[in-house]
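Undergrad: Let me begin by handing over the structure; questions about it come next.
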Amino acid sequence: MIYPITQIRSDFPIINKLINNQQFTYLDSAASAQKPNVVIKCLNNFYSHEYATAHRGIYSLSRQATICMEEVREQIAKFINASSLEEIIFTKSTTEGINLIANSCGEKYLKAGDNILITEMEHHSNIVPWQILAKKKQLIIKYIPLTYDGKLDISFLPKLIDQRTQLVAITQLSNVIGTLNPLSSIINQIRKIKNILILVDGAQGIAHSKIDVQKIDCDFYVFSGHKIYGPTGIGILYGKKKLLDNMPPWEVGGGMIQEVNLTKGTTFLDAPWKFEAGTANITGILGLGEAVKYINTVGLDLIFNHENELMQYVIKHLREIPDIIIYGPTDRVGVIAFNIGKLHSYDIGIFLDQNAIAIRTGHHCAMPLMNFFNVSSMCRVSLAMYNNKDDIDRLINGLLKTQDLLNKKTLLR
């Protein structure tokens, strides 16, 4: 089947934008993806014609908002193959989902002297919540090390997991170097050693390949809506129902209460609603539903193949740039990180911006990974379903121009 790139690019209005009479080239989708017309239209339509709060009112608009919100919950359950919609919690982001697990599950089940296992390639959002929990409860954090090419060295698992290991938190896809971790294999090996809680950070992986939470047998899976062409401020936490049932709520307030009694105390609704205190981001939820419909219409397999073809194209041409250093494995997915000689990534990013090319520069919220490669920052190009070879050609030309300009400036100093 031919990939409908022309139609897809026409569905994303910002992709066809001109900046200073130059074609805009967006290569920062790992930070946040652009939105298709169907998502933008959904948000406008809900605010213009259908807006009301959900799970609150008995009037028709409120009832309809509740129905639509719960339909998206069921839609997300099917998208990641959860066993029921009751395993889907609406959060505001991947970060909030991880913090919820740390503050609910971690507080209840982990004791002083226990240890948590994470990896050296994690985003700060999957490091810091565990560090704070460890400090508070006197826990130990261990790390799965990296190989020289940016893959996890899982041969260390038997040495790292012991009787006090209670939880493993691991990313599906590195947000910097594009390493796609073999989750099924890793989780299978972990469970052979000890049956412990396993959380997967799907912030980057969710946009690039199919996920089946039952097949990989994780306990928790988290992702953000804005990484998969949905609105900002909405995320998903998947959790196995039996675990969610036994976890206490992290945040409390309206909407998650069964009964409040001034003398007897408070009881809560069942999962997932007991984890959704306060008024939900209904607009974000509906927008996320439209984004998932759009992805399903194109097909994640087709998207994966298209992005993989583009990745091979960009690697081939990046390697033609003098003094370039490319980080990570050869079989990377979605993102590629590099530096050029002694040029600072910030300078490269600023000069590319003058050519209407948007990439990400800096430490990418992954300072331990920067330390591993002994650099303070990298340039990162990330691909999405709407990118094409013209985007890559403009990037390569922009990088060559930038390199020439910055090298001349260095010589003139």
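The values are calculated or read from the model by the stated rules, or taken from the named source; none is laboratory data. Here the structure is a predicted model, which means the values were calculated and not measured. We place every Cβ from the backbone using ideal geometry, glycine too, and count neighbours over all the protein chains shown. Accessible surface areas use protein heavy atoms only, side chains included; no ligands, DNA or RNA. Shrake-Rupley method; radii C 1.70, N 1.55, O 1.52, S 1.80 Å.
Undergrad: For residue 42, what charge total do you get from the other residues with a beta carbon under 12 Å from its beta carbon, if Lys and Arg give +1 and Asp and Glu give -1?
TA: +1
Undergrad: Between segment 218-269 and segment 6-28, what's the alpha-carbon centroid distance in Å?
TA: 37
Undergrad: If one computes the Cα centroid of segment 357-406 and of segment 99-131, what distance in Å separates the two points?
TA: Spelled out, the Cα-based centre of one part sits 30 Å from the other.
Undergrad: Applying the Karplus parametrisation 6.51 cos²θ - 1.76 cosθ + 1.60 with θ = phi - 60° to the phi angles of segment 142-151, what ³J(HN,Hα) value in whole Hz is obtained for each residue in order, glycine and proline being reported as x?
TA: Using θ = phi - 60°, the values come out as 10, 10, 7, x, 9, 7, 4, 9, x, 9 Hz.
Undergrad: Can you tell which of 91, 45, 65 lies farthest toward the positive end of the dipole of segment 1-121, using +1 and -1 charges on the Cβ of basic and acidic side chains (Lys, Arg; Asp, Glu)?
TA: Checked the options; the winner is 45.
Undergrad: From the protein chains alone at 1.4 Å, what is the descending order of accessible area for 114, 323, largest first?
TA: 323, 114
Undergrad: Could you tell me the calculated FRET efficiency between residue 56 and residue 393, based on Cβ-Cβ distance and R0 = 60 angstrom, to the nearest 0.05?
TA: Using R0 = 60 Å, I get an efficiency of 0.70.
Undergrad: Could you give the size of the charge dipole of the chain about its Cα centre, using +1 on the Cβ of each K and R and -1 on the Cβ of each D and E, expressed in debye and rounded to the nearest 20?
TA: 660
Undergrad: Which value at 222 nm does the chain reach when only helices count, each DSSP H run of 4 or more adding -39,500 (n - 2.57), with the total divided by all residues and rounded to the nearest 500 deg cm²/dmol?
TA: It comes out at -11500 deg cm²/dmol, rounded to the nearest 500.
Undergrad: Using a/c under 1.5 as the rounded threshold, could you call segment 166-254 rounded, prolate or oblate? The axes a ≥ b ≥ c are square roots of the C-alpha gyration tensor eigenvalues, and prolate needs a/b larger than b/c, oblate otherwise.
TA: Here segment 166-254 falls in the oblate category.
Undergrad: Output ³J(HN,Hα) for segment 261-274: one whole-Hz value per residue in order, computed from phi by the Karplus curve 6.51 cos²θ - 1.76 cosθ + 1.60 with θ = phi - 60°, and x for Gly and Pro.
TA: Those phi angles translate into 10, 5, 10, 8, x, 10, 10, 10, 5, 6, 5, x, 5, 5 Hz.
Undergrad: Additional query: Which value in nm describes the separation of the simple spin-label points at residue 263 and residue 232, placed 7 Å from the Cα toward the beta carbon?
TA: Result for the modelled spin labels: 4.9 nm.
Undergrad: Rounded to the nearest 10 Å², what accessible area does residue 251 have for a 1.4 Å probe in the complete protein model?
TA: In the full protein context, residue 251 sits at about 90 Å².
Undergrad: Between 388, 21, 37, find the one with the highest GNM mean-square fluctuation for the chain; connect C-alpha pairs within less than 10 Å.
TA: Its mean-square fluctuation being the largest, the pick is 21.
Undergrad: So for the pair residue 49, residue 2, with labels modelled 7 Å out along Cα→Cβ, what separation do we get in nm?
TA: 3.4
Undergrad: Related question: Taking a temperature of 4 °C and a viscosity of 1.567 mPa s, what whole-number D in µm²/s does Stokes-Einstein yield for segment 256-308 with Rh from Kirkwood over alpha carbon pairs?
TA: 90
Undergrad: While we're looking at this one, here's another question. Taking all protein chains together and a probe of 1.4 Å, list 5, 392 from the most accessible to the least accessible.
TA: 5, 392
Undergrad: Check every DSSP H run in the chain and write down those whose alpha carbon atoms cover 24 angstrom or more along the long axis and whose mean Kyte-Doolittle hydropathy is 0.0 or greater.
TA: Once both thresholds are applied, what remains is 282-298, 300-318.
Undergrad: A further question on this structure: Under a 5 Å amide H to amide H cut-off, with H placed in plane at 1.01 Å, what residues pair with residue 269 once short-range neighbours are removed?
TA: Under 5 Å from the amide H of residue 269: 257, 258.
Undergrad: With every protein chain left in place, what is the accessible area of residue 404 in Å² (1.4 Å probe, nearest 10)?
TA: Answer for residue 404: close to 80 Å² accessible.
Undergrad: Let me ask something else. Mind jotting down a quarter of the surface of the convex hull over the alpha carbons of segment 296-413, in square nanometres, one decimal?
TA: Spelled out: convex hull of the Cα atoms, projected over all directions, averaged, 8.1 nm².
Undergrad: Could you work out the pair-distance distribution P(r) of segment 19-125 from its alpha-carbon pairs, with 10 angstrom bin width and percents rounded to whole numbers?
TA: The calculated distribution, bin by bin, is 10, 24, 33, 21, 11, 2, 0.
Undergrad: Between 84, 345, 382, where does the largest GNM mean-square fluctuation fall for the chain, given springs only between Cα atoms within less than 10 Å?
TA: Evaluated over the chain, the most mobile residue of the options is 84.
Undergrad: Let me ask something else. For residue 297, tell me the accessible area in Å² from a 1.4 Å probe, rounded to the nearest 10.
TA: Probe radius 1.4 Å; accessible area of residue 297 about 120 Å².
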